[in-house]
Each structure stands twice: as C-alpha cells, then as structure tokens.
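Have a look at the structure below, then the notes.
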Amino acid sequence: MGIRILGTGSYLPENIVTNEDYTKFVDTSDEWIVKRTGIHRRRITETPTFVMAEAAARRALEDAGVSAEELDLIICTTVSNDYMTPSLACVVQGRIGAKNAIAYDINAACAAFVYALDMANMYLKNGYRKILIVSAESLSKITDYTDRSTCVLFGDAAGACVVEASDRPFASCLGCDGTGAHSLFARQHRNEIPLVELQELAEVDQFGPARDGAIYMDGREVYKFAVGAMSKALTEACEKFGTAPAELDLIVPHQANIRIIQTAAKELGLPLERFFVNIGEYGNTSSACIPVGLDQLNRAGKLTSGAKVGLVGFGAGLVYGGCVFEVE
Ligand code: UT7
C-alpha cells in the first residue's frame, strides 16, 4: 500500500532578487554564485509564511478536486514559521476551513517534505483518507545578510500536495546524524529572564558563536554529508521499492547546490537530465524545494502514469530522506 498524489500546488513570491543585488551589501559576484551554486535568482518576500502556505494549500486542494472539509490531517513542514506556537499547520487549518483535520508541524529541515510523505503513508495505512502536506519557508527571515557564504543561497517559497492511499508501493529511507547538528543551525533569540543570572552564551550553548535567529552553516561539512546522503537515501529507497536508481524515470532532489546534484548523479551513474533542477530560478527554499518541483512537473504534465519518481532531501540535523513511488 502506498501514496497517490491527488493534487499539487505552490506559491512563489513575486519579488525576484538577482545575484547582482547582493553585490550592494556583501563582497560577492554573479560569477562566483553561478559557478559555485548554480543560482541566478531567488524570490524574497515579507509575506508571512502562513500566507504562502495557505496559497499553496488552496492550489493543491483545487488541483486535487478535494474540499478542505474532506481533509483529516494537515502536516506542515517549516524551519521559518511566523510563530513558535501555534504550529503553521493549525493556522493553515483555520484559514482554509479544514475543520475535520488534525494539524501539526514537523521540523526535518530540507528533508522534511520526504519525512512528511513517509508520515502520511503511515497515517493512510491506519485509515486516514485525505492528507494535506504543506512545506512553506520564509528563509529570508532567518538569513544573516552579513554572511556572504549563506545569504546568497536562500529564497522563499511554499509547496503543497494532497495525498490518499494507493495500492501501488511506496518506499522510503530516512536517516539522521545528530553529531553534525552544529554544522547547520539557527538559534532562537535569547530571552531576558529576570529570575536567573544569564550566563555567557558559550557556557550554555554547544554550537558556538552565530547570530541569534539566523542560519549558520559550515558549507563544506554539509556539502560532504549531502553528496553521500543523497546516493544512500535513493539507493536504499529503491532497494525497498524493489527497483534500482537506474530504473527511476525522474528524481526531484533538494535544491541546495547544482554541484551536489551533479556529483550525486555521477555517483548513482545516472544522467543529470533525470534530475529535476530549478535552483537557478529559486535558490534553496529548504523543505519547499521538493514540493515546488513536484508542482511544476505536475502542471507541465510530466508526472505521467506509470512513471517511477524518486524524491531526496538532506539538511540541518543533519538529516536525509529519500522515497520512491509510482505515479498513477
Ligand atoms: O539546504 C541545506 C543544505 N545546504 C547545503 O547542502 C549547502 C552545502 N554547501 C554548499 O553548497 C557550498 O559549500 C557553498 C555554496 C555554501 C560554498 O561553496 P564552496 O565551494 O564550498 O565554497 P567554500 O566555502 O569552500 O569557500 C571558497 C571561497 C572562500 O574564500 P577563500 O577562503 O578561498 O578565500 C569563501 O570565503 O569562496 C568564498 N566565498 C565567497 N566568495 C564570493 C564564500 N561565499 C562567497 C560568496 N561570494 N557568496
């Protein structure tokens, strides 16, 4: 038993930011960014995360021909929610009027959409009927715009899909290495607590100095992890599915760096053309990358019946996740 994608949706903010725009406040160049990452443009907005999430959710419901009342579960994925609580999923549930759905968020960083699909699969096996997954990220709200090695990478976007149970197989491979947590993190802002004497950050925090509320990344460390994680996740998910990476018709990878995708393709012995790539236009939008890609493929008529599709993500945690399903 597996997953049928009934409909997809996405929201991409209108405001386009070019590489040239970054040269006004950090020491960088279009040439460096394109050569090292493959990114030309990304979307940046002040729009709240929940507004983007709602827009993507409504488009997915419309595409699926499913009403909000039919949903019994909403899973949202985000590392950039507007609120620490309530969850993004609860806000979306209220705004779309999904009054019969339970709703909560998960945080598995850039792998979270794959984690959410895996979770949805388990709920579907347990009798849930229609599940909405929304991955929405306003990374611009947690980006350190004084750090040239990270600020040029990130963009804002939301992607969503509605799923139900299918009798075709679904297989996944999820993994985590928390010993690499310090390589990619964003720390909460510290609260002033009048009841305790505040210690130096170094005494209470294990991750070292970084601006509060902003992403810190050791790019080289994450890069190494990402390349290995992508081929492992896809290969093992394929094994569980009863196929091989070479049999996949289409792979939608997390869009962190075109060089990571190229290296993974090489390691897997697959042509790059098999991989969906839109990093040039939208940059890295964390958990939104994969569902935005799925929506673009769906609307372009490229999720054809019988196609074997692989999804693969990796990111802060450090986590990774791959899954394989067949389009109906
Ligand atoms: O979605 C979550 C997962 N994230 C990832 O998977 C990201 C993984 N990491 C990467 O994609 C790459 O490591 C980066 C794109 C972040 C960096 O590329 P890199 O080829 O690994 O560069 P580097 O960190 O090794 O830096 C090379 C040089 C350094 O200068 P020196 O020390 O050689 O003089 C950097 O200071 O490039 C410099 N540099 C820049 N130069 C111009 C770093 N960022 C920039 C920049 N513009 N924006």
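The values are calculated or read from the model by the stated rules, or taken from the named source; none is laboratory data. Computed from a predicted model, the values in this text were never measured in an experiment. Positions of Cβ are generated from backbone atoms using ideal geometry, with glycine treated the same way; all protein chains shown enter the neighbour counts. Please note that ligands, DNA and RNA were not included when accessible areas were found on the heavy atoms of the full protein model with its side chains. Shrake-Rupley method; radii C 1.70, N 1.55, O 1.52, S 1.80 Å.
Among (1) more than 13 Å from the ligand (Cβ to nearest atom); (2) under 22 Å from residue 49 (Cα atoms); (3) open to solvent by 20 Å² or more (accessible area, probe 1.4 Å), which single condition is residue 216 missing?
(1)
Could you please let me know if residue 208 is away from the ligand (no atom under 16 Å from the Cβ), in contact with a strand residue (DSSP E or B) (Cβ under 7 Å, 6 or more places away or on another chain) and over 30 Å from residue 249 (Cα atoms)? If you could, list the steps in order and put the result at the bottom.
Working: away from the ligand (no atom under 16 Å from the Cβ): yes; in contact with a strand residue (DSSP E or B) (Cβ under 7 Å, 6 or more places away or on another chain): no; over 30 Å from residue 249 (Cα atoms): yes.
It is false that residue 208 is away from the ligand (no atom under 16 Å from the Cβ), in contact with a strand residue (DSSP E or B) (Cβ under 7 Å, 6 or more places away or on another chain) and over 30 Å from residue 249 (Cα atoms).
Among 239, 192, 247, which is the only one that is modelled with pLDDT under 95, of a type outside the set (Phe, Trp, Tyr) and open to solvent by 80 Å² or more (accessible area, probe 1.4 Å)?
On the way: 239 fails: modelled with pLDDT under 95; 247 fails: modelled with pLDDT under 95.
Only one candidate passes the filter, namely 192.
Residue-wise test of (1) crowded, with 18+ Cβ neighbours inside 10 Å; (2) small (Gly, Ala, Ser); (3) away from the ligand (no atom under 16 Å from the Cβ); (4) in a helix (DSSP H, G or I).
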position	(1), (2), (3), (4)
255	yes, no, no, no
270	yes, no, yes, no
273	no, no, yes, yes
294	yes, no, yes, yes
303	yes, no, yes, no
306	no, yes, yes, no
313	yes, yes, no, no
322	yes, yes, no, no
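Please work out which residue is nearest to the ligand (Cβ to nearest atom), limiting yourself to the range 35-61 and to residues that are out of contact with any strand residue (DSSP E or B) (no Cβ under 8 Å at 6 or more places or on another chain) and more than 22 Å from residue 296 (Cα to Cα).
36
Please specify each residue of the range 187-211 satisfying the condition of being touching a residue at least 24 places away in the same chain (Cβ under 8 Å) and out of contact with any Gly (no Cβ under 9 Å at 6 or more places or on another chain). Step through it out loud before you land on a result.
Step one: list which residues in the range 187-211 are touching a residue at least 24 places away in the same chain (Cβ under 8 Å), which gives 187-189, 206-208, 210-211.
Across the range 187-211, the qualifying residues are 206, 207, 208, 210, 211.
Output the helices (runs of 4 or more DSSP H) that fall wholly within the range 88-186 and possess 2 or more residues being in contact (Cβ under 8 Å) with a residue 12 or more places away in the chain and either within 16 Å of residue 216 (Cβ to Cβ) or within 16 Å of the ligand (Cβ to nearest atom) (or both), or say none. Full working, then the answer.
Working: elements: 88-96, 112-125, 148-151.
Result: 112-125, 148-151.
Taking only pairs six or more apart or across chains, which ones have beta-carbon atoms under 8 Å, a first residue in the range 14-34 that is open to solvent by 40 Å² or more (accessible area, probe 1.4 Å), and a second residue that is away from the ligand (no atom under 11 Å from the Cβ) and among the basic types (Lys, Arg)?
Filtered contacts from the range 14-34: 14/43; 15/43; 16/41; 16/42; 16/43; 18/41.
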